[in-house]
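The values are calculated or read from the model by the stated rules, or taken from the named source; none is laboratory data. Since the structure is predicted, the reported quantities are computational estimates derived from the model, not experimental observations. FYI the Cβ positions are ideal-geometry reconstructions off the backbone, even for glycines, and counts take in every protein chain you see. Each accessible area value is taken on the protein alone, full model and side chains, heavy atoms only, with ligands, DNA and RNA left out. Shrake-Rupley method; radii C 1.70, N 1.55, O 1.52, S 1.80 Å.
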Amino acid sequence: MSEPSILDTKLRNRITRFLHTGNEIPKYYPGCWQKYFENDHFKAIDELLDKEPKNHEVVDIIVKAYKSGWCTRFETIAYALTKCLVKGHADVKEATYKAASEICTTPEKMMMFNKFTRTLKTGNGRGWCKHVKEWYTKKDPMELAKEMTRVRGRHGRSHKILLKKSHVKIAENDHARDAVVKYAIFGLKRAKKELSNAEGTKEIFDYIQKVEDMRHCEDPVAAAAMAVEHKFTLDHVPGHLLTSQDVWNAVLPQMTLSELLYNIQRIHNMGYLTSDSETTAILISLLSNQDIIQNSNVTPIEVYITLCNYKKNSRPMKHEKAKIALEKQARRRARQIFDPKTQTWEWTVTRRHPKEIKHWGIDQPSNPIVISTLQKLINQTWLLNPPTNARYLITMDMRQHMFKGRHFCKSSGKIKKTAREKSKSTSIFKIIASISSQSTPSGTRDTETEEVESKKHLLAECFYNKHVTPGHAAIILALQLLKREKNVKLAVFSEDGIQLVSIDPNFSNMEEAEFVLRKANLGRVQLDAPIEWAEQTNQTFDVFVNMVDRTTRYMELDLEARGGRGPGGRFGPPPPPAKQIPDHCPVRALERYRAKTNCDAKLIVLSLASHRVETTDGNFEGVLDIVGVDEHVPKVMDAFVLGEFK
């Protein structure tokens, strides 16, 4: 077999960008992963394998990206491997299955890979069977039993289905592994009947029996005791016990810090985070535990997003889920009454319907103790991620529109609606209004103020996390870099370009930083201004980071200051020399800066509140656009700075 040729640089960069961002162009969308898989936007591997079907260097790139630890989601790794199976030669398929066996170490990852093999219809041939067999035969039998009882199935695939389809055969003397496999296929009773007296199976069956006892236990107190004794995780808890407070108290200590943050809203919705509950005490002790904090890789923005969502009592939801949530709220209101003193809805019944248990406390206000603990946790997570040792210039737009939040402007008098506005009123709000009026005691209603008021609102919210304002997201991300790195300069956009801001990295918190930044000499946004300033002052930086709510604010500039920008502030050609308009394109400014300083400088543009961002057309590798914000943004930025996208 001939040696594989070296991949084209552009193809390699497109592949690595997809593995890190889920997108072939240099743009990261935190909330749009699924659409790229569904619409098959990943064409780089297809183009490569159409030209060179036997080139398995792409598999090496995928394995290297996974082992580097900078990929934020495993979906891109699994999807890229599956694409190699669709287009690749037999040699490439063999290398792909070998890589999948090396990468898919947990049942979640293995079943994610099998989800895509099923979606893309790669078949269940010898290579696939060998891959599945290796997963079940290379693990220690006791470890295999723990993994298979913890995760029984994901994405429409279970261990039973995979074992049957792959025709796994266990060695004659490997009784312990055979016991686990027979349990997955036939159940514990038959497995014990066939192998209870075999050597090495007693410990396996004892552990599986404990898990089965937990699964079939109807007493929450007894189930909680078993979870504490055997250190079961949330994955071991059966569905009928997921609303038990005792069980949650038992499994909380087994969670990582990220899992705790993810489940805070879920626990609150069940009404377990009251001021005097045991669950609150356990949660706060875990969020304050220094060992748990130091052993995690949680970023400050992840904690801040959790804090903002918890204050609002909800995570951001898509339209479909938001519509269902409103319908559930309407049904709750029929069994509730509004308390004007506490401004909350109280249940008028004591007997809980099974479907209401998950939302019994959803209308209760957030616990101030939990909020205070999360605020302290932010200051304990600044230095958890390793530094990149790069030189940064971070420039932010800190004007009022970055902090407006969601303001409702209610009309003081009686609202007069036009016929068009009346037609836009949705039926769900009418249902809520009618149920609310029925739930209010007779004699307390005011017919003049009972009408549903129209609300005009001004928005300053980040994409994919609407409870976070762009200004605070920018400050959190900037402070993390300032406190973690040794060479960072902070600046704000001003009328003259940029103005440097001095903030003490050791003693400044978020509130102090916001006060200093907003008191600076603020002005209109010009994305190339930080690069031009660095070039004029002979300052050397490795990374320029621009944080704005929307790059279309270039329309605020005078006409002569818009050179090199296309419609909507996007990448455009340079202005004609005859017009004598200066070129303010940030990409070409970065190219000039690179040529002058002879360094591989990079530009990151965060458009926190707008999709309309396209700093580059994709042909320049030193620029990354980020739309919105999520907990993975700091890791994506670090990977880009360290050159992982090449």
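At a 1.4 Å probe, what is the % contribution of carbon and sulfur to the accessible area of the stretch 166-266?
Values: 2560 of 5250 Å².
Percent of accessible area from carbon and sulfur atoms in the stretch 166-266: 49.
How compact and how long is the stretch 293-394, expressed as Rg and Dmax of its alpha-carbon atoms in Å?
19.1, 61
What ranking of F74, F186, F116 comes out by heavy-atom accessible area, probe 1.4 Å, highest first?
Values: F74 35, F186 95, F116 10 Å².
Heavy-atom accessible area, descending, gives F186, F74, F116.
Compute the FRET efficiency between L188 and K67 as 1/(1 + (r/R0)^6), taking r as their Cβ-Cβ distance and R0 = 35 Å, and round to the nearest 0.05.
Values: r = 37 Å, r/R0 = 1.06.
FRET efficiency, L188 to K67: 0.40.
If you rank E57, E346 by how much accessible surface each has, with a 1.4 Å probe, what is the order from largest down?
Values: E57 35, E346 65 Å².
Largest accessible area first, the residues go E346, E57.
Could you work out how far the C-alpha centroid of the stretch 496-524 sits from that of the stretch 147-166, in angstrom?
Measuring centre to centre over Cα atoms gives 53 Å.
If the viscosity is 0.692 mPa s and the temperature 37 °C, what Stokes-Einstein diffusion coefficient in µm²/s follows for the chain when Rh is the Kirkwood radius over Cα pairs?
Numbers: Rh = 28.3 Å.
The estimated diffusion coefficient comes to 116 µm²/s.
For E346, what is the net charge nearby, where nearby means another residue's Cβ is under 12 Å from its Cβ and Lys, Arg count +1, Asp, Glu -1?
Values: positive: R332, R333, R335, K341; negative: D339, D363.
Charge balance in the 12 Å sphere: +2.
Grab the Cα-Cα distance for I293 and K210, subtract it from 0.36 nm times how many residues apart they are, and report the gain in nm with one decimal.
Working: separation 83, 0.36 × 83 = 29.88 nm, distance 3.06 nm.
So the extension gain works out to 26.8 nm.
Okay, helix-only estimate at 222 nm for the chain: each DSSP H run of n ≥ 4 adds -39500 (n - 2.57), divide by all residues, round to 500 deg cm²/dmol; what do you get?
Values: 28 runs with 301 residues, N = 646.
Mean residue ellipticity, 222 nm, calculated: -14000 deg cm²/dmol.
Towards the positive end of the charge dipole of the chain, with charges on Cβ (+1 Lys, Arg; -1 Asp, Glu), say which of T615, I103, V86 has the farthest Cα.
V86
What is the set of long-range amide H partners of K27 at a cut-off below 5 Å, with H atoms built 1.01 Å from backbone N?
Those qualifying (amide H under 5 Å, at least 5 residues apart or on another chain) are D625.
Per residue, how many Å² of accessible area does the chain show with a 1.4 Å probe? If you can, show how the numbers build up before the last one.
On the way: 32130 Å² over 646 residues.
Value returned for the chain: 50 Å² of accessible area per residue.
Along the charge dipole of the chain, pointing to its positive end and built from +1/-1 on Cβ of Lys, Arg, Asp and Glu, which listed residue (S258, I292, N389) has its Cα farthest out?
Farthest towards the positive pole: S258.
Project the alpha carbons of the stretch 65-115 onto their principal axes and report the range along each, largest first, in whole Å.
Projected onto the principal axes, the Cα atoms of the stretch 65-115 cover 28, 21, 15 Å.
Run the dipole for the chain about the Cα centre, Lys and Arg Cβ at +1, Asp and Glu Cβ at -1, nothing else charged, and hand back the magnitude in debye, nearest 20. Can you show the working numbers first?
Numbers: 99 positive and 79 negative charges, 457 e Å.
Charge dipole of the chain: 2200 debye, to the nearest 20.
With a 1.4 Å probe and all protein chains in place, put D600, D339 in order of accessible area, largest first. Intermediate results must be reported in sequence, preceding the final value.
Details: D600 70, D339 45 Å².
Output order, biggest surface exposure first: D600, D339.
Not counting ligands, DNA or RNA, and with a 1.4 Å probe, what is H632's accessible surface area in Å² rounded to the nearest 10?
Here the accessible area works out near 40 Å².
Compute the signed sum of charges (Lys and Arg +1, Asp and Glu -1) over the other residues within less than 13 Å, Cβ to Cβ, of T299. Please report the intermediate quantities before stating the final value.
On the way: positive: K483, R484, K635; negative: E302, D630, E631, D638.
Within the 13 Å Cβ shell, the charges total -1.
Could you please report the charge total around M255, scoring K, R as +1 and D, E as -1 over all other residues with beta-carbon less than 13 angstrom from its beta-carbon?
Computed value for this residue: 0.
How much of the accessible area of the stretch 467-531, in percent, comes from carbon and sulfur atoms when a 1.4 Å probe is used? Intermediate results must be reported in sequence, preceding the final value.
Values: 1190 of 2600 Å².
After summing per-atom areas, the C and S share lands at 46 percent.
Name the lysines eligible as straight-distance cross-link partners of K51: C-alpha to C-alpha under 19 Å, and not fewer than 8 places from it in the same chain.
K10, K43, K83, K87, K93
Would you be so kind as to identify which of L234, A171, M214 lies farthest towards the positive end of the dipole of the stretch 143-245, taking Lys and Arg as +1 and Asp and Glu as -1 on Cβ and the Cα centre as origin?
A171
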